[in-house]
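*Asks:* This structure is in structure tokens; I'll ask about it shortly.
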């Protein structure tokens, strides 16, 4: 693991990186719908034509991003997860995908980072929704130090990229890009996505399993998973911080020619949790706290 | 060969099978002709020029008039009109920008063109380009709430290079009390309401200057004309 470079939260790294990119690259433009607009105020002073706050108009936010991209700019669109992915979903499909243009979408709020706001501000289905659309790259950083390299690469490109920022984070950053083998074992593989890694490491302490880490899930690193499985056994536990099983089809595709077992852990699909409290409380409800993960993982490998 | 507005009917009639939208298509034909013949800096030679004007057909339903004008102006081989809606044809009942050079947006689902048009106007302004952006919407399409996000935003941002032409053929189920123009005016737009068949009136409306604010041209089409 790398030495921590910043004590900033992911959102701050995002704002700082994009603000710097606005100074460096005339293609970059930012579109917000009030959320975080204040954080971009200094950048807006310097680049009033390329830092655009549309107000609380999320359909327009994505439509405007599509239009900017049609003129050759590289829009960065930012809001709270439900208002970035769920509310303007048809705009994502048509104003970006169908127009064959790109953008960088950066969400905050994760699945339930701040549950005091209730269900309206939770969007554990965001990655699953984007998975219904072709051509999206999806990054799920697990540490603030992972945000800048992922974001810099996204800004330099031209495709459609989703950067899922969260207040949940691991204790240390890992290299971005391909899956990283964090712990080597002989009895199966646990694939931890983004901020789930620390919980997975705690839950698997003393188990003879490999732990693989992913901060990029689309494209899915099929070669990385195959290599990990080859070094252990074709038994995989997938631990994602969003809707359970979102990447199950990717694991199945990776191991299509290998008899295998798969257990998918993530946010429950079968109920709406009508409760407030803390993210840790909700982890426990969904079995994503270290104790819950330990039970599920040990049961799978038993 | 040079084609005129008189050739449009024959080109239009080469596309059959979407008679449900003949009314929608026929309502737009004069507006499209005036824009492509007399107003916009768009030609088959400049479809990739970043300084070209942009025409965005938001109301993608009934594109027969649009394709006919594109064929008349040399963007399309007229023989392609005979292939429309077939598997290998680039011409469908909703246009696709990826398949047809000169088509600026893929459209069909209503209420998307205006948001894209606002973004296009903002992108051009950020690049200090003088290009115009014209978005064609229908009065029925304006029912979609997404339009009203874009209308308000364009007014606040003073997008003077943005023009909306709203074809008012009375399609909106619940109508627009007080007229469509009023909905735009309250958001700071300049407005003009003209006969959608009167080429000179359309030309005057499209070329009038209105510094500091976007404009809407409401082109009225009477049902008995169709």
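We did not get these values from a lab; they are worked out from the coordinates using the rules stated. Values in this document were obtained by computation on a predicted structure and should not be read as measured data. Ideal geometry is used to build each Cβ from the backbone, glycine not excepted, and the neighbour counts take in all protein chains shown.
*Asks:* Which distance in nm do the two modelled labels at residue A:23 and residue A:268 give, with both placed 7 Å along the Cα-to-Cβ direction?
*Replies:* The answer from the label model is 4.8 nm.
*Asks:* How crowded by other chains is A:43-52, given as the mean number of beta carbons from other chains within 10 Å of each beta carbon? Intermediate values should be presented prior to the final figure.
*Replies:* Working: counts 0, 0, 0, 0, 1, 1, 6, 5, 1, 7.
Counting other chains' Cβ atoms within 10 Å and averaging over A:43-52 gives 2.
*Asks:* Under the 0.36 nm per residue contour assumption, what length would be gained going from the current alpha-carbon distance of residue A:280 and residue A:183 to full extension? Working shown, then result.
*Replies:* Values: separation 97, 0.36 × 97 = 34.92 nm, distance 2.48 nm.
Additional length available on full extension: 32.4 nm.
*Asks:* On average, how many beta carbons from a partner chain sit within 10 Å of the beta carbon of a residue in B:95-107?
*Replies:* Values: counts 0, 3, 5, 3, 0, 0, 0, 0, 0, 3, 8, 6, 3.
Whole-number average of other-chain Cβ neighbours for B:95-107 is 2.
*Asks:* Roughly how many Å is it from the Cα centre of the range A:1-58 to that of the range A:90-124, as a whole number?
*Replies:* The range A:1-58 and the range A:90-124 have Cα centres separated by 17 Å.
*Asks:* Need one value for B:142-151: mean number of C-beta atoms belonging to other chains within 10 Å of its residues' C-beta atoms. Walk me through the numbers on the way to the answer.
*Replies:* Numbers: counts 0, 0, 1, 2, 10, 3, 3, 12, 7, 1.
Average per residue, whole number: 4.
*Asks:* Rounded, prolate or oblate for the range A:7-65? Axes are the square roots of the Cα gyration tensor eigenvalues, ordered a ≥ b ≥ c, and the cut-off for rounded is a/c under 1.5.
*Replies:* Values: a/c = 1.85, a/b = 1.26, b/c = 1.47.
Cα axes put the range A:7-65 in the oblate bin.
*Asks:* Please check: in the Gaussian network model of chain A (C-alpha springs, under 10 Å), which one of A:32, A:12, A:246 has the largest mean-square fluctuation.
*Replies:* Residue with maximal mean-square fluctuation among A:32, A:12, A:246: A:12.
*Asks:* Separation between the residue A:291 and residue B:46 pseudo-spin-labels, each 7 Å from Cα along Cα→Cβ, expressed in nm?
*Replies:* 7.0
*Asks:* So, one more: Among A:258, A:18, A:189, determine the one that fluctuates most according to a GNM of chain A built with springs between C-alpha atoms less than 10 Å apart.
*Replies:* Of the options given, A:258 has the highest mean-square fluctuation.
*Asks:* In degrees between 0 and 90, to the nearest 10, how far off the longest principal axis of chain B does helix B:22-34 point, with axes built from Cα atoms?
*Replies:* Once rounded, one gets 70 degrees.
*Asks:* Given the options B:55, B:87, B:184, state which has the largest fluctuation in a GNM of chain B using a 10 Å cut-off (strictly under) for Cα springs.
*Replies:* So, out of B:55, B:87, B:184, the one fluctuating most is B:87.
*Asks:* Where q = 0.12 Å⁻¹, what log10 of I(q)/I(0) comes from the Debye formula for the range A:10-164, counting one point per Cα?
*Replies:* Here the Debye-derived log intensity ratios amount to -0.43.
*Asks:* With a Förster radius of 45 Å, plug the Cβ-Cβ distance of residue B:203 and residue A:8 into 1/(1 + (r/R0)^6) and report the FRET value to the nearest 0.05. Intermediate results must be reported in sequence, preceding the final value.
*Replies:* Numbers: r = 56 Å, r/R0 = 1.25.
E between residue B:203 and residue A:8, to the nearest 0.05, is 0.20.
*Asks:* For the pair residue B:37 and residue B:128, how long in nm is the line joining their label points, each one 7 Å along Cα→Cβ?
*Replies:* According to this spin-label approximation, the distance is 3.8 nm.
*Asks:* While we're looking at this one, here's another question. Normalised by the residues of the range A:10-164, what does the relative contact order come to in percent, with Cα pairs under 8 Å and at least six apart? Walk me through the numbers before you get to the answer.
*Replies:* Numbers: 266 pairs, mean separation 37.2, N = 155.
Relative contact order, the range A:10-164: 24 percent.
*Asks:* Taking a ≥ b ≥ c as the square roots of the eigenvalues of the Cα gyration tensor of the range B:130-213, is the shape rounded (a/c under 1.5), prolate (a/b larger than b/c) or oblate?
*Replies:* Numbers: a/c = 1.82, a/b = 1.12, b/c = 1.62.
Verdict is oblate for the range B:130-213.
*Asks:* Something else: Which angle between 0 and 90 degrees, to the nearest 10, do you get for helix B:113-126 versus the longest principal axis of chain B when only C-alpha atoms count?
*Replies:* That helix lies at roughly 70 degrees to the long axis.
*Asks:* Now for a separate question. Express the C-alpha Rg of the protein assembly as shown as a ratio against the empirical globular expectation 2.2 N^0.38 Å, rounded to two decimals. Don't skip to the end; give the middle numbers.
*Replies:* Values: Rg = 26.1 Å, N = 528, 2.2 N^0.38 = 23.8 Å.
Output field value: 1.10.
*Asks:* Does anyone have the angle between helix A:58-70 and the longest principal axis of chain A? Alpha-carbon axes, 0 to 90°, nearest 10?
*Replies:* Once rounded, the angle reads 80 degrees.
*Asks:* Could you let me know the centre-to-centre spacing of the range A:209-235 and the range A:138-193, using Cα atoms, in angstrom?
*Replies:* 13
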